[in-house]
Amino acid sequence: MSREMLAVVAVLLVLVFALAALWFSRTRALARRVGSFSCRLTEPRDPRSARGVAQYGATRLYWWRRLSVVPRPARTWSRYGLVVLEKVVLPPVPGRPQAVVARCRVVAAAGGAPHEISLQMSAEAYAGFTSWIEATPSRVGTII
């Protein structure tokens, strides 16, 4: 193998390692944030669910894709425009925490028309999620 080929292989290996380290660091940082939880997102325009991490903010719910290195959230919804329409408790799976799917009506933080999404999370995360929504003063009676 020539020196040029070795250099190309070495550069590619360094790039792959750097990308993996960046992804691991991002994933770890998201998981350690206060108010963050693992969450699958399903949207009507894309019926496949996407794994990610959600985090409560003061006025917004942020959601990051799990398999990404982008530092910004993929979706952001206004706390005041988020309403839980239905809660479905999924059958238990051995070795995993009890899962809940919350069908929600949301308004993007940037504005726009309301639409529905489904968020799958653990039962504990759902309890925190609904508590976060109910903590807004004007939200009486909107949680199932």
Can you confirm whether the range 115-125 contains a residue that is of a type outside the set (K, R), within 30 Å of L15 (Cα to Cα) and touching a helix residue (DSSP H, G or I) at 6+ places or on another chain (Cβ under 9 Å)?
no
Hey, any hits in the range 76-90 for a residue that's of a type in the set (A, V, I, L, M, F, W, C), surrounded by fewer than 18 Cβ atoms within 10 Å (Cβ to Cβ), within 14 Å of the chain's Cα centre (by Cα) and under 17 Å from S49 (Cβ atoms)?
no
Within the range 42-62, the residues that are part of a strand (DSSP E or B) and open to solvent by 90 Å² or more (accessible area, probe 1.4 Å) are P47, R48, R51
Does R33 qualify as being at pLDDT 85 or above and charged (D, E, K, R)?
no
Count of residues meeting criterion [of a type in the set (A, V, I, L, M, F, W, C), over 12 Å from M121 (Cβ atoms) and part of a strand (DSSP E or B)] in the range 63-83
3
Residues that are more than 23 Å from S131 (Cα to Cα) and among the charged types (D, E, K, R), drawn from the range 48-75
R48, R65, R66, R72
Pick from the range 91-122 the residues that are in contact with a Ser or Thr (Cβ under 8 Å, 6 or more places away or on another chain) and open to solvent by 80 Å² or more (accessible area, probe 1.4 Å): which of them is modelled with the highest pLDDT?
P97
Kindly list the number of the only condition in (1) at pLDDT below 85; (2) in a loop (DSSP other than H, G, I, E, B) that fails for V14.
(2)
Within the range 91-105, which residues are over 16 Å from P47 (Cα atoms) and among the hydrophobic types (A, V, I, L, M, F, W, C)?
V93, A99, V100
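The values are calculated or read from the model by the stated rules, or taken from the named source; none is laboratory data. The shown structure was predicted, so the numbers you read here are calculated from the model rather than taken from an experiment. Neighbour counts are summed over all protein chains in view; Cβ atoms, including those assigned to glycine, are modelled from backbone coordinates with ideal geometry. Heads up: the accessible areas ignore ligands, DNA and RNA and are worked out on the full protein's heavy atoms, side chains in. Shrake-Rupley method; radii C 1.70, N 1.55, O 1.52, S 1.80 Å.
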